[in-house]
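A.B. asks: Please see the structure below; I have some questions.
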Amino acid sequence: MTVVFLRLLGAAVLLAAAPVARAGELAPYRALYHLSLVSAKSGSGVVAAGGAVLDEWGETCDGWTEQERFLMRLQYAEQGDEKIRSNLVSWEAKDGLRYRFDERRENSGEDGRQASDGDDEHPSARPPGPAAEEIKGEARLDGAGEGGTAEFSRPEAATLALPKGVLFPTAHTAELIARAQAGDQLVTRRLFDGSDLANAAEITAFIGRQIAPPAAQPGAPAIAPLLQRPSWLIRLAFFPAGSTSGLPDYQETIRLLDNGVVGEMLFDYGDYIIRAKLDDIEALPRPSC
């Protein structure tokens, strides 16, 4: 469950070979999300959750960069708290054909190590310790709509053949926006984000009706320009590579704006549901190319 959550954050907040969506339509930004527990079944043992995600999504002349710091604490009824941390750095070419990734993870519940108290309100408070797991590598596609190869250097040297039609995270986000703008309601694609040594997962997206930009309310704080955009509620179902059960590993609902900003995320793991609420956002500069 824990690894699934980390993989989801790396892909979702993170999200062609999709020529229908031009790279210039996506906006570089820095955003802070806070995590909270929405609901939990009695058998899950989870009674509370907290934490934050600090995501910085930048633009270079030839690609998109992401730096994400993630911190979550799960509180259980009959055992101690579990702290989960992740640092992700990635780069993806604007043509959607190349992708580099480096992610470090730490879970205080896996080997009994406990992170220090008082550092749960901001994910950049402390980087993962030396015992953290690291997944690093790069991937390349042979062309738009073609397959390719992923080369891992950590946790071990490994090579993975990528199937035809696979997308990397930013290209997948661009694809969802383009299909939503076209009025499509159902989209199924393969996504490779480098979160583990397994092959690309299959993601089925159910796209709702377009939501108009929010209107300013008298006396309320001003709405950031990045958020004054149309959006869609999108339900994502994640199926692991090679799955034959017909049931997704997990599901997620996001509010995706037409500039690539994710306004809110809801993660449904069956036993419990976690919300990632956007608390702060700022635009980042575009490169002078």
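The values are calculated or read from the model by the stated rules, or taken from the named source; none is laboratory data. The structure presented is a predicted model; accordingly, all values stated were derived computationally and were not measured. Cβ: placed from backbone, ideal geometry, glycine included. Neighbour counts: every protein chain shown.
A.B. asks: Of all residues in segment 273-283, count the ones that are within 11 Å of Tyr29 (Cβ to Cβ) and either charged (D, E, K, R) or loosely packed, with under 14 Cβ neighbours inside 10 Å (or both). Lay out the reasoning, then the answer.
C.D. replies: To start, the set of residues in segment 273-283 that are within 11 Å of Tyr29 (Cβ to Cβ) comprises 278, 280-283.
Narrowing the set further to residues that are either charged (D, E, K, R) or loosely packed, with under 14 Cβ neighbours inside 10 Å (or both) leaves 280, 282.
Residues in segment 273-283 being within 11 Å of Tyr29 (Cβ to Cβ) and either charged (D, E, K, R) or loosely packed, with under 14 Cβ neighbours inside 10 Å (or both): 2 in total.
A.B. asks: Take the conditions on the phi > 0 side of the Ramachandran plot and surrounded by 17 or more Cβ atoms within 10 Å (Cβ to Cβ) and apply them to Gly270. Does it pass?
C.D. replies: Values: on the phi > 0 side of the Ramachandran plot: yes; surrounded by 17 or more Cβ atoms within 10 Å (Cβ to Cβ): no.
No: the conditions fail for Gly270.
A.B. asks: For segment 248-262, indicate whether the set of residues that are more than 18 Å from Ala27 (Cβ to Cβ), at pLDDT below 95 and surrounded by fewer than 17 Cβ atoms within 10 Å (Cβ to Cβ) is non-empty.
C.D. replies: No.
A.B. asks: Criterion first (of a type in the set (Asp, Glu), part of a loop (DSSP other than H, G, I, E, B) and surrounded by 16 or more Cβ atoms within 10 Å (Cβ to Cβ)) does Asp184 satisfy it?
C.D. replies: Working: of a type in the set (Asp, Glu): yes; part of a loop (DSSP other than H, G, I, E, B): yes; surrounded by 16 or more Cβ atoms within 10 Å (Cβ to Cβ): no.
Answer is no for this residue.
A.B. asks: If you don't mind, another one. Among Arg85, Arg98, which is surrounded by 19 or more Cβ atoms within 10 Å (Cβ to Cβ), at pLDDT 90 or above, under 25 Å from Thr170 (Cα atoms) and touching a Leu at 6+ places or on another chain (Cβ under 9 Å)? Before you say what the answer is, go through the steps one by one.
C.D. replies: Values: Arg98 fails: surrounded by 19 or more Cβ atoms within 10 Å (Cβ to Cβ).
Going through Arg85, Arg98 in turn, the sole match is Arg85.
A.B. asks: While we're on this one: Tally time: how many residues in segment 187-215 are surrounded by fewer than 13 Cβ atoms within 10 Å (Cβ to Cβ), within 12 Å of Val166 (Cα to Cα) and small (Gly, Ala, Ser)?
C.D. replies: 0
A.B. asks: When you scan segment 34-108 for strands (runs of 3 or more DSSP E) that lie fully inside it, which ones turn up with 2 or more residues that are among the hydrophobic types (A, V, I, L, M, F, W, C)?
C.D. replies: Details: elements: 46-59, 63-76, 82-93, 98-107.
Strands (runs of 3 or more DSSP E) meeting the threshold: 46-59, 63-76, 82-93.
A.B. asks: All but one of (1) under 19 Å from the mean Cα position of the chain (by Cα); (2) farther than 20 Å from Gly58 by Cβ; (3) part of a loop (DSSP other than H, G, I, E, B) hold for Asp193; state the number of the condition that does not hold.
C.D. replies: (2)
A.B. asks: Counting only residues that are part of a strand (DSSP E or B) and either among the aromatic types (Phe, Trp, Tyr) or closer than 15 Å to Arg189 by Cβ (or both), how many does segment 225-253 have?
C.D. replies: Final tally of qualifying residues: 9.
A.B. asks: So Ser44 passes all but one of these: (1) farther than 20 Å from Ala224 by Cβ; (2) among the hydroxyl-bearing types (Ser, Thr, Tyr); (3) modelled with pLDDT of 90 or more. Which condition number does it fail?
C.D. replies: (3)
A.B. asks: Scan segment 254-289 for residues that are among the basic types (Lys, Arg) and outside any strand (DSSP E or B) and jot them down. Steps first, please.
C.D. replies: So the first thing to find is which residues in segment 254-289 are among the basic types (Lys, Arg), and the list is 255, 275, 277, 286.
Scanning segment 254-289 gives a single hit, Arg286.
A.B. asks: Can you find a residue that is touching a strand residue (DSSP E or B) at 6+ places or on another chain (Cβ under 7 Å), more than 23 Å from Val262 (Cβ to Cβ) and at pLDDT below 95 anywhere in segment 164-180?
C.D. replies: Looking for residues that are touching a strand residue (DSSP E or B) at 6+ places or on another chain (Cβ under 7 Å), more than 23 Å from Val262 (Cβ to Cβ) and at pLDDT below 95, one finds at least one in segment 164-180, hence yes.
A.B. asks: In segment 22-59, which residues are of a type in the set (Val, Ile, Thr) and surrounded by 15 or more Cβ atoms within 10 Å (Cβ to Cβ)? Before you say what the answer is, go through the steps one by one.
C.D. replies: Going residue by residue through segment 22-59, those that are of a type in the set (Val, Ile, Thr) are 38, 46-47, 53.
Correct list: Val46, Val53.
A.B. asks: Next question, about the same structure. Conditions: (1) among the β-branched types (Val, Ile, Thr); (2) at pLDDT 95 or above; (3) over 30 Å from Pro163 (Cβ atoms). Thr65 meets all but one. Number of the miss?
C.D. replies: Here Thr65 meets the rest and fails (3).
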